[in-house]
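Reviewing the structure listed below.
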Amino acid sequence: MKTIVIFFQIVGSLGLFLFGIKLLSEGLQKSAGDKMKAILKLMTKNRFVSIMTGLIITIIIQSSSATTVMVVSFVNAGLMGLTQAIGVILGANIGTTFTGWLVALLGFKLDISSLALVSIAFAAPMMFSKKSKTRDAADVLLGFGVLFLGLNFMSHSIPDITGNIEVLEFLATFNSDTLWMNMLCILLGTLVTIVVQSSSAAMAMTLTMAYNGWLGVTASAALILGSNIGTTITAYLASIGTSTTAKRAAWAHIFFNVVGSVIALVFFHPLLTLVNYLTPGDIYSLEGATLSTQLPLFLAMFHSVFNVVNTILFFPFVRQYAHFIERLVPAKAEYDEGTYHFKYLGGIFIDSPEIYMLAIRDEIKKMANLACNMLTRYRGMFNNPAANMESDALAMKKDEDYADQMQEQLSNFCVHLLQDSQTPTNASSLNCLIRVMDELESVTDSCYNLTILSQRRYNQGWKFDTETDKDLREYQALVQEFLDYVRDRMDRTLTKAEMQKANEFEEQINNSRNRLSQLVQERLSDGKADVRVELLILEKIRHLEHIGDYCTNIAEAYHQAVKHTPMLQKRSGKSLELA
């Protein structure tokens, strides 16, 4: 009966520790969302910067699993190449050792229950603040408190058996320094980490058991090697159903940790000797309670040395390693050519909407480029008898369908993020992005309709006079300039001056529309013009003016995003309400 109670105490304290890690990780991600974006912009520099990025982000969010899942999602969305991803993964493996040092230095040398309660006490009133930043900070403090509380319960739940000779005799077999026993310990460490889905939790369990005399030097170190393998399962699960490149990133993580652990096992004793040299005192000269007290610090050092050495070994061969992974996971034609598919990591992997919004913004920029290219193509076929109307119309239809697919899939993803959104700021930004996608899709609709009108004109043999042709070309160029202006500023919030410039564009377009419409009315009043041609011209003017309206709506969305206020819908007459 006592054994059952101890078992549930250990499992319960582990659950509390994992819950603390989750609270801490989510709180840090929300608090540091903007900082992580700034850090991520550095990743295009070089391999060393990529490694530092992975290290810093993992220390910030206290989860190498979360970092590698982010890496997989970025690669999947095309925001990061495989070589960059490998560099970040190398850094994440070093960053995850921070938790071990935290546990080794504070977990067993201070009264962490008091420290935990102080942290929770500070967090309690902050949880009810009206400011989102204060509530995020409360989550961080609460996460620290619950994490240390779980660690405290774990250290007290596992009985101290340093003075129990009979149990030590039983564990002597488990702690025997043989290759097969070390491999068994690595396997156990892998399985435990897969079950708890956290190398930090597995590390804390190993340190706690070592501190209480359950494990010796070699068994503890082998378990840590196993936890490095087990932690790769999260990224692998995240890569299921994603693009080939994302799968490659996950496999790069798996092979790096598995190969590193195999190398460490081959040079196990030299590696332990190096760690013993770097750690104060001689771990092999200690016994009993003294050994148990010093072992957590030794293991934290072992974890760091292993990952640093592993990174140093792989660092010169990152590009060659990337090529190896590309051959290992060959590309496959997963979808029909010309169709759009935005794959994302949903469910439990959506921890930080700010991070995933980077991918959405990048896709929206692609959608804006598509709209600009469609308008440019239409202008190229305008009043051009040499143009292949059938071919151009078919190409425009494909682009318009592609834009429809982009809007549908990206909007669905935004709805997923809205449901998981952790702050009002995220909700406001996501609604802004949904609106922008809606307007861009309308631009592509108008471009396609303009193409159909041109096709009808050429099929009927209708011609414009020289003055009308000149006026329409200038009008189209003005609309194109406005669309390009908005597209080039979609990666940031529009300033007041930029919004004023957008309003000036709209005013010019409206004035030109009124003037051209008036000319059509005058030609119709004379009775000499072809009514069908003039009506077609009015249709062209109307669609071009609508594109100007859509551009104004996009500019307003990006201008008002900084205020976090509900968007004002303009003349397009479309609703943004989400069920």
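The values are calculated or read from the model by the stated rules, or taken from the named source; none is laboratory data. Small disclaimer: the values here were computed from a predicted structure and weren't measured. Note that we place each Cβ from the backbone using ideal geometry, even for glycine, and neighbour counts take in every protein chain shown.
So, ALA235, is that one buried (at least 24 other Cβ atoms within 10 Å of the Cβ), in a helix (DSSP H, G or I), in the same structural domain as GLN320 (by TED's automatic domain parsing) and touching a Phe, Trp or Tyr at 6+ places or on another chain (Cβ under 6 Å) or not? No; evaluated as a whole, the condition is false for this residue. If only residues of the stretch 369-404 that are under 37 Å from the mean Cα position of the chain (by Cα) and of a type in the set (Lys, Arg) are counted, the one that is surrounded by the most Cβ atoms within 10 Å (Cβ to Cβ) is ARG377. Residues in the stretch 114-135 that are over 26 Å from the mean Cα position of the chain (by Cα) and of a type in the set (D, E, K, R): LYS130 only. When LEU79 is tested against (1) at pLDDT below 70; (2) part of a helix (DSSP H, G or I), just one condition goes unmet, and that condition is (2). The sole residue among LEU494, LEU535, LEU519, LEU472 that is of a type outside the set (S, T, N, Q) and in contact with a helix residue (DSSP H, G or I) (Cβ under 6 Å, 6 or more places away or on another chain) is LEU494. Summed over the stretch 239-270, residues that are free of Cβ contacts under 8 Å to residues at least 40 places away in the same chain and either assigned to a loop (DSSP other than H, G, I, E, B) or more than 24 Å from HIS323 (Cβ to Cβ) (or both) total 5. Taken together, the criteria place SER442 among residues that are closer than 16 Å to ILE554 by Cα and either among the basic types (Lys, Arg) or at pLDDT 90 or above (or both). Any residue that is at pLDDT below 80, more than 21 Å from ILE283 (Cβ to Cβ) and touching a helix residue (DSSP H, G or I) at 6+ places or on another chain (Cβ under 8 Å) - is there at least one of those in the stretch 215-234? Looking through the stretch 215-234, at least one residue is at pLDDT below 80, more than 21 Å from ILE283 (Cβ to Cβ) and touching a helix residue (DSSP H, G or I) at 6+ places or on another chain (Cβ under 8 Å). What about ALA138, is it modelled with pLDDT of 80 or more, assigned to a helix (DSSP H, G or I) and either more than 26 Å from the chain's Cα centre (by Cα) or crowded, with 23+ Cβ neighbours inside 10 Å (or both)? When the stated conditions are applied, ALA138 does not pass them.
Name the one entry in ILE254, ILE194 that is modelled with pLDDT of 80 or more, closer than 20 Å to GLY150 by Cα and not polar (S, T, N, Q). I'd like the intermediate steps shown before the answer.
Numbers: ILE254 fails: closer than 20 Å to GLY150 by Cα.
On inspection, the qualifying residue turns out to be ILE194.
Taking residues in the stretch 279-297 that are assigned by TED's automatic domain parsing to the domain that holds MET205 and among the acidic types (Asp, Glu), and partners anywhere that are surrounded by 12 or more Cβ atoms within 10 Å (Cβ to Cβ) and part of a helix (DSSP H, G or I), the pairs with Cβ atoms closer than 7 Å and at least 6 places apart or on different chains are ASP282/ASN276.
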